[in-house]
Amino acid sequence: MLKVRSLKVNYGAVRALKGVSFHVNEGEIVTLLGANGAGKSTLLNTICGLLRPAAGEILLRDATIHKQSPAQIVRLGVSQVPEGRQVFASLSVRDNLILGSYPRNHSDKAEIRKDIDTVEELFPILKERAKQSAGTLSGGEQQMLAIARSLMARPKILLLDEPSMGLAPIVVSNIFKTLRKLREEKMTILLIEQNARAALSIADRGYVLETGRISIEGTVEELLENKAVKRAYLGKGYKEVWE
């Protein structure tokens, strides 16, 4: 579904990504682990067209997309749930969802209504809060809204940037249960998540990004047994992922 080849991205004179290559197969969840400043959000923003690469290429189903505008990339099927949620605070929950369908400018109202019903089944609280201003929601509810809004674009691949950040454990658990449901429905997902245990509990494969380079890659089982991954991201009790 997604291929990134030898990607290099600069911030002025600083090279943030130093030749990153990885892929995401259709229907799988791939997680990208890494410390703050490793380049994870830079990578997602480059895939979405918010940043331009200095070198390398990004392909969606073998078609290059890194020269397209962010709006065109969304229409091609890439949808991002940004770090910090970034909902439209002054608009209602329902209007946020409708705006998520904006890239589908040829969709009729019946299709949009059907998709709203679908995401409200995933997140029932959004139906209860439909007329409430998004800015008055709790952090967890805003994260649910951000995911639902991205799904309204009917993406081919969903990019999630730190969905558990700042949320209570019970809310994180509910969000990851929803991601498991999306996995069962064969949604393709690229997940950035500092909670490595949670990420590896739902992923098929993973990569570790360190100072702008991929340092480790493998299946979930391989990463769970990797000494460097255990030491840096899992610590004691890492087997809780499977228990």
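The values are calculated or read from the model by the stated rules, or taken from the named source; none is laboratory data. This structure is a prediction, so every number in the text was calculated from the model and none was measured. Heads up, the Cβs are rebuilt from the backbone with ideal geometry, glycines too, and the neighbour counts pull from every protein chain shown.
The residue that is farthest from LYS156 (Cα to Cα), counting only those in region 102-119 that are of a type outside the set (Val, Ile, Thr) and buried (at least 19 other Cβ atoms within 10 Å of the Cβ), is ASP115. Taking the conditions exactly as written (crowded, with 18+ Cβ neighbours inside 10 Å, under 19 Å from GLU162 (Cβ atoms) and in contact (Cβ under 8 Å) with a residue 60 or more places away in the chain), does LEU60 satisfy them or not? In short, no. Within region 77-100, the set of residues being surrounded by fewer than 19 Cβ atoms within 10 Å (Cβ to Cβ) and among the polar types (S, T, N, Q) comprises GLN86, SER90, SER92. Is region 59-72 home to any residue that is among the basic types (Lys, Arg) and part of a helix (DSSP H, G or I)? Within region 59-72, not a single residue is among the basic types (Lys, Arg) and part of a helix (DSSP H, G or I). Against the condition surrounded by fewer than 21 Cβ atoms within 10 Å (Cβ to Cβ), at pLDDT below 90 and in the same structural domain as SER41 (by TED's automatic domain parsing), how does MET165 come out, does it pass? Spelling it out, MET165 is indeed surrounded by fewer than 21 Cβ atoms within 10 Å (Cβ to Cβ), at pLDDT below 90 and in the same structural domain as SER41 (by TED's automatic domain parsing).
For (1) under 28 Å from LEU2 (Cα atoms); (2) in contact (Cβ under 8 Å) with a residue 24 or more places away in the chain; (3) within 17 Å of the chain's Cα centre (by Cα); (4) not in a loop (DSSP other than H, G, I, E, B), each residue gets a yes or a no:
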| site | (1), (2), (3), (4) |
| --- | --- |
| GLN86 | yes, yes, yes, no |
| ALA89 | no, yes, no, no |
| ASN96 | yes, yes, no, yes |
| LEU99 | yes, yes, no, yes |
| LYS131 | no, yes, no, no |
| GLY135 | no, yes, no, yes |
| GLN143 | yes, yes, yes, yes |
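Whether a residue is on the phi > 0 side of the Ramachandran plot and of a type in the set (D, E, K, R) was assessed, and ARG104 does not pass this test.
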